[in-house]
Ligand SMILES: NC(=O)c1ccc[n+]([C@@H]2O[C@H](COP(=O)([O-])OP(=O)(O)OC[C@H]3O[C@@H](n4cnc5c(N)ncnc54)[C@H](OP(=O)(O)O)[C@@H]3O)[C@@H](O)[C@H]2O)c1
């Protein structure tokens, strides 16, 4: 039995679809209960990662937990600014519940980072969650991604808003930060296929396409793929507060998430070398191809 957390989210909902094709028993932890699923292998259990007892109930009879939670947005009023405290409490609850019920493995996706840089609040908190999993004594597999290309992903939806809504794009001091984006389908493939791959147990992998790009190049290439002419103006400083206020209003992303992600634009996200190709037998699609596929998918959804 698998326990899937974050099943309503960008990553979790897609992992759920992919797992269900494998004919596995999946229990989804959700805050708002679902009535049922057409798939007899999928069940829903009401729970909250901040409620330890609900996790103890949810992990009964479970072998593997997929942990796809972050608490930057959509939390009870007054709690929002303390996302790092909430994220720490949540993963500590989960580790405790896993130990009580002898869960064999935790699979987690987190944010990529450069270990030599001062990390943003968001990435520092992601690192803390990752460290708690790694030090739990429970077998684990952790993937770290930078910008994930696919509609519904917070970083991609912010990029999409910037490119589509601003004919003149202001570029701030994150202009030359380097990232190695990855297509959503490739992320899901890693997350689902690692289940059957013993070589991935107790390992952490940075995942990305083969191209390393600056944020400015990312915006330029996306505009080009969309056929949009855009002018860039360089403005000194970070303008973090103002840009997150504007994008919090214009993009579909929770304004709190926008705020913390924009702060993270200062951190480079480039993969450490690894042997993922050998283990998984595929290469993530090139950046331009991931843009093309997302655009085709979006157009189909909007038709
Ligand atoms: N999206 C990206 O571009 C990206 C990039 C790199 C890494 N990641 C990592 O991928 C993981 C998943 O992110 P995502 O993009 O899928 O996030 P998301 O779309 O915002 O989903 C977050 C999920 O967490 C659930 N959740 C929040 N608080 C909860 C609580 N107290 N109890 C139970 N469930 C709770 C939400 O459920 P509700 O529906 O109840 O709110 C939702 O299903 C995170 O670890 C993130 O760091 C994402």
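Here, each number is a calculation from the coordinates, and none is a lab measurement. Small disclaimer: the values here were computed from a predicted structure and weren't measured. Heads up, the Cβs are rebuilt from the backbone with ideal geometry, glycines too, and the neighbour counts pull from every protein chain shown.
What's the angle, to the nearest 10 degrees (0 to 90), between helix 215-226's Cα axis and the longest principal axis of the chain? On a 0 to 90 degree scale, this one is about 80. Suppose only helical runs count, i.e. DSSP H with n ≥ 4. What mean residue ellipticity at 222 nm does that imply for the chain under -39500 (n - 2.57) per run, divided by all residues and rounded to the nearest 500 deg cm²/dmol? About -12500 deg cm²/dmol. Could you tell me how many degrees, from 0 to 90 and to the nearest 10, lie between the Cα long axis of helix 287-302 and the main elongation axis, the longest principal axis, of the Cα atoms of the chain? Rounded to the nearest ten degrees, it is 80.
Take the Kirkwood radius over Cα pairs of the chain, plug it into Stokes-Einstein at 10 °C and 1.306 mPa s, and you get 79 µm²/s for translational diffusion. Rounded to the nearest 0.05, the FRET efficiency derived from the C-beta distance between residue 300 and residue 189 at R0 = 25 Å is 0.75. For segment 205-303, the spread of Cα coordinates along the three principal axes comes to 45, 36, 26 Å, biggest extent given first. With a Förster radius of 41 Å applied to the beta-carbon distance between residue 39 and residue 234, the computed FRET efficiency rounds to 0.20. Listed from fewest to most Cβ neighbours within 10 Å, the set 166, 232 follows the order 232, 166.
Extension gain for the segment residue 48 to residue 277, taken as residue separation times 0.36 nm less the Cα-Cα distance, is 78.9 nm to one decimal. The ranking of 244, 13 by Cβ neighbour count inside 10 Å, starting from the fewest, reads 13, 244. Axis angle, to the nearest 10 degrees, between helix 83-100 and the longest C-alpha principal axis of the chain: 30 degrees. The convex hull built on the alpha-carbon positions of segment 100-200 has an orientation-averaged projected area of 8.7 nm². Relative intensity of segment 16-162 on a log10 scale, I(q)/I(0) at q = 0.18, 0.21 Å⁻¹, equals -1.26, -1.53, per a Debye sum over C-alpha point scatterers of equal strength in the absence of solvent.
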